[in-house]
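The values are calculated or read from the model by the stated rules, or taken from the named source; none is laboratory data. These numbers come from a predicted model, not from an experiment. Every residue, glycine as well, gets a Cβ built from its backbone with ideal geometry; the counts of neighbours run over all protein chains shown. Keep in mind that these areas ignore ligands, DNA and RNA; they rest on the heavy atoms of the full protein, side chains included. Shrake-Rupley method; radii C 1.70, N 1.55, O 1.52, S 1.80 Å.
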Amino acid sequence: MRDYIRPAQPLQIAPEILDVMGWNAAEYERAAAPTYPNLIDEQHIVAELYNMNNVPMSVWIDEHGRIVRPAEPAGASDGFRTMDRATFKMAKEVADQGRIARKRYVDALRDWVAKGAASEYVLSPDEIRARIQPPSDHDAMATANFRLGQWLFSHGHADAARPYLLKARALSPECWHYFRQTLELEEVGKASGPDFFGAVDALGSRPYYPPVELKSARK
Amino acid sequence: MPATIIFGDKASQARSASAQGDNLWLSLDDLRQATGWVLKPEGVCQGDLCVPIPPRRREEFVRPDNSFNLGAFARLREQPVVHDDAQAVWFFGEAPDARRNGLLSLEAPDFTLPDIDGNAHSLSDYRGKKVLLLSWASW
C-alpha cells in the first residue's frame, strides 16, 4: 500500500491484526513482505480504543496525534453479499464496483498525504464527533466479557472462555469482530461460512459496511 | 486463593487475593502492583489523581488488616468487571464515561502492540508522521 500511495510527506501505515490467534494470521503478513509494521492485537485493544466494530476499518491520525477521520470502513463495500457462497466468486460488475470504491478511498488518502489539513477529506472536529458512536454501557460490558474470554482461550481454557465470548456477542450484536472472532474460535473458516452469511442476510436492507461520505462538508 | 487480575492491558498474579462474590480483597502491595493505585489518607491515588473513599462506606473498601476491596473500588468508578471464579481470573475495564470522553477529545489514544517479529511498537513512536491505522483479520 505504501508504494501505491507514494507519499509526498511521511506516512506511517500501521495495520493491526485482530486475531485472537494472531500469530497464525501473521503468516499471511510475512508472505506479503510488507514494508510497514503489522501489529498483532490478540485482545482487540485497538478496536476498543477506536471503536472499530468490523474489518477492514481505518483511522487517520495527523502528525500531532489528532484524529482527522474516525473509524470507518476502509474502502470496503457490500458487494460481497452477492457473491457465490460456495466459490466466493462475484459478478464482474460487482467486483469492478468494489475496485472503484477501494481506489476512491486510496485516492482520498493520497490527497491527505499531499495536502495535509487542507485536504478536503480531513473532517472538522464537529464532523468527526458527529460520526463517532461512543461506546454504550453494554459495549463496555461486552468488551470486558470478550477480554476475559480471550484471556481464558489463549491460556488453554476454551470451554471456560465460550460463555464470555458469547455474552460479548449478545451485548454488542453490532460488533462484527466479536461475532466473527467467536465463530472462528469454534471452527476455522466458520467466520466466513453459513452462520456469517445468515447474519449478514438478516441485515436485510441495512448495510454491512455503512457507506462513507469521504469529503468534508466544510470544503 | 491467588487470582489473575487483568486491569486494562496489564495481567498480573495477586497471591493475597480473596474473592467473595463480586468483591475481591487484596493486600495493598498487590493492589499497587496489579493496578497502579495506592491507598493514601486522602483516598485511592494514581499519580496526581485521588479518588476519595466515601467516609460512611469505608468498611466496604478497607479492612482492619489493611486489605483493599478492588471490586468495590471498580464499582465506585463504574468500571465494567467480569470474573471467572473457577479459573480465578478477574477483568477490570475502563469506565464507559472515560472511554467516551477519550474518544470525543479526538486525541488518538496511545497503545503498544508487538509486530509479527515480536518487536513492540507504540503509536506515540510515530508522532510527527501521519498515521493510517488499518484493521484487518484472517477470518
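Contact map, the range A:134-151: residues that are at positive phi paired with residues that are open to solvent by 10 Å² or more (accessible area, probe 1.4 Å) and aromatic (Phe, Trp, Tyr), Cβ distance under 7 Å, separation 6+ or inter-chain. No pairs are found. Total residues in the range B:3-13 satisfying the condition of being more than 11 Å from B:VAL89 (Cβ to Cβ) and either open to solvent by less than 40 Å² (accessible area, probe 1.4 Å) or away from chain A (no Cβ under 12 Å) (or both): the figure is 3. Among the residues making up the range A:128-139, those that are open to solvent by 50 Å² or more (accessible area, probe 1.4 Å) and facing chain B (nearest Cβ under 7 Å) are A:ARG129, A:PRO134, A:ASP137. Considering the range A:140-162, and only residues there that are at the interface with another protein chain (Cβ under 7 Å from one of its Cβ atoms) and closer than 15 Å to A:SER172 by Cα, the residue that is surrounded by the fewest Cβ atoms within 10 Å (Cβ to Cβ) turns out to be A:MET141. Scanning the range A:149-177 for residues that are under 17 Å from B:SER138 (Cα atoms) and in contact with a His (Cβ under 8 Å, 6 or more places away or on another chain) returns A:GLN150, A:HIS177. Screening A:GLY204 with (1) in contact (Cβ under 8 Å) with a residue 60 or more places away in the chain; (2) of a type outside the set (A, V, I, L, M, F, W, C); (3) open to solvent by 10 Å² or more (accessible area, probe 1.4 Å) gives one miss only, at (1).
Residue count for the range A:88-121 under the criterion of being open to solvent by 80 Å² or more (accessible area, probe 1.4 Å) and either polar (S, T, N, Q) or not in a helix (DSSP H, G or I) (or both): the result is 3. Among the residues making up the range B:47-92, those that are assigned to a strand (DSSP E or B), without any contact (Cβ under 8 Å) to a residue 12 or more places away in the chain and surrounded by fewer than 16 Cβ atoms within 10 Å (Cβ to Cβ) are B:LEU49, B:CYS50.
Residues that are within 7 Å of chain A (Cβ to nearest Cβ), touching a residue at least 12 places away in the same chain (Cβ under 8 Å) and touching a strand residue (DSSP E or B) at 6+ places or on another chain (Cβ under 6 Å) within the range B:93-132 comprise B:ALA108, B:VAL131, listed in sequence order. Taken over the range B:14-39, the residue count meeting the criterion of being open to solvent by 90 Å² or more (accessible area, probe 1.4 Å) and part of a strand (DSSP E or B) is 1. Each residue in the range A:50-78 was checked for being buried (at least 21 other Cβ atoms within 10 Å of the Cβ) and at the interface with chain B (Cβ under 9 Å from one of its Cβ atoms), and 14 of them qualify. Between A:GLU27, A:GLU72, the distinction of being over 18 Å from B:HIS121 (Cα atoms) and at pLDDT 95 or above belongs to A:GLU72 only. If you go through the range A:159-170 one residue at a time, do you hit one that is of a type outside the set (Val, Ile, Thr) and farther than 20 Å from B:GLN87 by Cα? Looking through the range A:159-170, at least one residue is of a type outside the set (Val, Ile, Thr) and farther than 20 Å from B:GLN87 by Cα. Once the range A:174-187 is narrowed to residues that are touching a helix residue (DSSP H, G or I) at 6+ places or on another chain (Cβ under 9 Å) and farther than 21 Å from A:ALA74 by Cα, the residue that is most open to solvent (accessible area, probe 1.4 Å) is A:GLU186. The single residue among B:TRP37, B:TRP25 that is within 11 Å of the chain's Cα centre (by Cα) and more than 14 Å from chain A (Cβ to nearest Cβ) turns out to be B:TRP37.
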